[in-house]
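Each reported figure results from applying straightforward, stated rules to the coordinates on display, with no laboratory input. These figures come from a predicted structure and were not determined experimentally. Note that we place each Cβ from the backbone using ideal geometry, even for glycine, and neighbour counts take in every protein chain shown.
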Amino acid sequence: MPVFTMKDAKNRLTELARLVERGERVVVTRHGKEVLELVPPRKKGLDMEAGQRWLQEHGISDPFPYIAPDFDDPLPEDFLIKPVPAKSESASRLKTKRVSPKESARTARRKTKAR
């Protein structure tokens, strides 16, 4: 891994870019301390080879063992029109915050002090 001072890096940026394009990492220092590292950009998209390796390691020969014959059939017309079920009483109780008696007393004291 080549190391350059900040001044050298500034004067030889094109050369450093070529090194990075070839896959090398380049370190730039200021007063002997590493300040930055120039690295090639990450590949965009999925790493298909890594996915295949993972499947092999876990003994999966076919990632899609079954696809229903009607998989790509159109959905029924009322699919998105169905009403949403009403909230049940138990669901609304779950959303309420339970407060201990100590917290309740503290809150009451704060409210009286604020008045």
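At a Förster radius of 35 Å, what calculated FRET efficiency corresponds to the Cβ-Cβ distance of LEU75 and LEU46, to the nearest 0.05?
Values: r = 28 Å, r/R0 = 0.80.
After rounding to 0.05, the efficiency reads 0.80.
If you count, for each residue, the other Cβ atoms within 10 Å and average over each peptide, how do 64-70, 2-8 line up from highest to lowest?
Numbers: 64-70: 6.9, 2-8: 13.4.
The most tightly packed comes first, giving 2-8, 64-70.
Report, by chain and number, residues whose modeled amide H sits under 5 Å from the one on THR5, excluding near sequence neighbours (fewer than 5 apart, same chain).
It is THR29, by chain and number.
How do 54-63, 33-42 rank on mean C-beta neighbours within 10 Å, highest first? Don't skip to the end; give the middle numbers.
Numbers: 54-63: 9.0, 33-42: 10.7.
Result, highest mean Cβ count within 10 Å first: 33-42, 54-63.
Can you check what the net charge comes to around LEU13, using other residues whose Cβ is under 14 Å from the Cβ of LEU13 (Lys, Arg +1; Asp, Glu -1)?
Numbers: positive: LYS7, LYS10, ARG12, ARG18; negative: ASP8, GLU15, GLU21.
Combined, the nearby Lys, Arg, Asp and Glu give +1.
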